[in-house]
Amino acid sequence: MVRSKVTPDEFQIFKKYIYDSSGIALEPGKEYLLETRLNSLLHEYDCSTFHALYQKAKSDITNKLQEKIIDAISTNETYFFRDKTPFELLQYKIIPDLIDKRSKKGQKPSLRLWSAASSTGQEIYSIAMTLDEMGISTSNYSIRLLGTDISDSAVAQASYGSYNKFEVSRGLEQKKLIKYFDEKGDSWRIKDQIRIMVQFNKMNLMKPFPNIGKFDIILCRNVMIYFTAEDRKKIYTSLARTLEPDGYLLIGSTESLNNVTDLFQSQRYLKSTFYQFK
């Protein structure tokens, strides 16, 4: 399949269309992103130019094409136990500290965790597996694990919990693959004991948050690169309102809150940085 080239005018049209639809900001130099990720849609909808694809999206009253465009643009790089150290931080520091605080005599300790850009679910399932290995389950703890993403297809795959051989080969130890997945033909599906621990919903971080309650831990990793500096500040402010006063915010290993928001202070443990309210 030959990759079509986007013209400067087409890039500006799609830049505004995608921002208005999702809040995702395409900076100059990202033309290749349109060309690589939307090329298949040009062929699917028999469009010879990106402008023709835009016109079809604007005239589609079902918004199906819009959803496909946003799905394609927002698909993130993700894999199980990505960067590793955040999961060690959760296992050896954050979760034990929270359980100590939340434990009350005669009641199940509660733990509420949100993966705010969960893509196809690898991050939140990695956390569920970590909890299981710590002996934390719904039988002895009040657990709420939520994964949200703007992409319909990502949420659908995450909810079903099925991954191909390439996806399970990235970041997942063989013993965890055998323990937590069932082989189904050419794919692997996460076992029900883990899958039922997690709820997935579609959510646009740029829009007012629905009534999803408060969380002890929020992970919003490797997604802010898609937003402007002003929008990042708005999102972090919304996340802060959703976090318990003694809760924890984890962002990507190459990300920083410096010059973005002053609501949080950074702290270090092992080789990881995490954030709490000042």
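The values are calculated or read from the model by the stated rules, or taken from the named source; none is laboratory data. Remember, predicted model here, so these are calculated numbers, not experimental data. Here the Cβ is made from the backbone with ideal geometry for all residues, glycine too, and neighbour counts use every protein chain on show.
Observations on the structure shown:
- Per the listing TYR141, TYR79, TYR125, TYR92, the residue uniquely closer than 22 Å to ILE24 by Cα and either in contact (Cβ under 8 Å) with a residue 60 or more places away in the chain or of a type in the set (Phe, Trp, Tyr) (or both) is TYR79.
- Boolean, LYS93 is assigned to a helix (DSSP H, G or I), out of contact with any Gly (no Cβ under 8 Å at 6 or more places or on another chain) and not aliphatic (A, V, I, L, M): yes
- Within the range 1-76, helices (runs of 4 or more DSSP H) holding 3 or more residues that are surrounded by 12 or more Cβ atoms within 10 Å (Cβ to Cβ) and of a type in the set (Ser, Thr, Tyr): 8-22
- Flag if PRO109 is in contact (Cβ under 8 Å) with a residue 40 or more places away in the chain and in contact with a Lys or Arg (Cβ under 8 Å, 6 or more places away or on another chain): no
- Given (1) within 22 Å of the chain's Cα centre (by Cα); (2) part of a helix (DSSP H, G or I); (3) at pLDDT below 95; (4) surrounded by fewer than 22 Cβ atoms within 10 Å (Cβ to Cβ), index of the condition ALA154 fails: (4)
- Hits in the range 79-121 (condition: on the phi > 0 side of the Ramachandran plot and crowded, with 22+ Cβ neighbours inside 10 Å): SER119, GLY121
- Criterion applied to ILE217, ILE235, ILE251 was being closer than 18 Å to LEU26 by Cα, among the hydrophobic types (A, V, I, L, M, F, W, C) and assigned by TED's automatic domain parsing to the domain that holds LEU90, and the one residue passing it is ILE235.
- Hey, SER256 at pLDDT below 95, surrounded by fewer than 17 Cβ atoms within 10 Å (Cβ to Cβ) and not acidic (Asp, Glu) or not: yes
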